[in-house]
Amino acid sequence: MTQTMRLYDLAGAEPDRRFSPYCWRTRLALAHKNQTVETIPWRFTEKKAIAASGQTLVPVLVDGDQWVSDSWTIANYLEDKYPDSPSLFGGPGGRALTRYYSNIADGLVRAIFSFVALDILQHVAEQDRDYFRESREKRANTTLETLVSDRDDRLPALRASLSALRLTLKSQPFLAGDRPLYADYAVFGPFQWARCISPFALLENDDPIKQWRNRLLDCFGGLARAMPAYDA
Ligand SMILES: N[C@@H](CCC(=O)N[C@@H](CS)C(=O)NCC(=O)O)C(=O)O
């Protein structure tokens, strides 16, 4: 009998508040591949639980005796291991192009962090609070409070920086065309992360990016909509 896959998935103080931009890509990739997965709520400081993956970050997928980490590696693993399920990339050219989208999405995580960093702190589990503050303040070289303090002033520049994404989604429902592929899930991750932990409205309601985000919230029976989140 095949075992259900397990996914270590970043959770906040509430076990259902799943807020990793990288884990969200993987959740949607698994759904796209029609794979059933048991998600395990994981906190930043629970490094021992994922030690078998040989690194310290989530997502970590456990498929039988295989431990796979890193969202891009996981997407490629799923594509290669389950070739009969719907493709995440739409062929070799799509796979190569999707690497670029995945990297763009990583950049978006870094950009959005400076808007929502303090909101994340409000939601991380008690045992993670000191670790989160110390590690992120060291990385940002400032306090979380200072980092977000001018976010209203910086918002127009963030929105303007998304113009290529906006223009694309103005003319087609998904980055991959009529139906989403992994490129959509990768870029969706940072927006889903933000709405899961912050009431701050990164996007205007009539922004084609927000409308695309909402379409992705509806995919797979509303999988990404079902979690605790803000309506930002
Ligand atoms: N390149 C990795 C990045 C994963 C990552 O940064 N995960 C964060 C959660 S969003 C994490 O596990 N952080 C643990 C820590 O900071 O100690 C991927 O794409 O999966």
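Brief remarks on what is shown
- Filtered residues of the range 93-131 (kept if among the aliphatic types (A, V, I, L, M), surrounded by 14 or more Cβ atoms within 10 Å (Cβ to Cβ) and more than 15 Å from the ligand (Cβ to nearest atom)): Leu97, Leu118
- Only listed residue being within 20 Å of Trp24 (Cβ to Cβ), of a type in the set (Lys, Arg) and assigned to a helix (DSSP H, G or I), chosen from Arg195, Arg166, Arg179, Arg154: Arg195
Yes or no, residue by residue, for (1) within 25 Å of Phe191 (Cα to Cα); (2) more than 12 Å from the ligand (Cβ to nearest atom); (3) surrounded by 12 or more Cβ atoms within 10 Å (Cβ to Cβ):
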| site | (1), (2), (3) |
| --- | --- |
| Gly12 | yes, no, yes |
| Phe19 | yes, no, yes |
| Lys33 | yes, yes, yes |
| Leu61 | yes, no, yes |
| Ser69 | yes, no, yes |
| Ala75 | yes, no, yes |
| Asp80 | no, yes, no |
| Pro83 | no, yes, no |
| Gly91 | no, yes, no |
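- Pairs linking a residue in the range 101-122 that is touching a residue at least 60 places away in the same chain (Cβ under 8 Å) to a residue that is among the hydroxyl-bearing types (Ser, Thr, Tyr), with Cβ atoms under 6 Å and 6 or more positions apart or on different chains, are Val116/Ser198; Asp119/Ser198.
- Residue list for the range 78-121, restricted to those being more than 17 Å from the chain's Cα centre (by Cα) and charged (D, E, K, R): Glu79, Asp80, Lys81, Asp84, Arg95
Computed from the coordinates by the stated procedures, all read-outs in this text should not be read as laboratory data. Note that this is a predicted model, so its numbers are computed, not measured. Cβ: placed from backbone, ideal geometry, glycine included. Neighbour counts: every protein chain shown.
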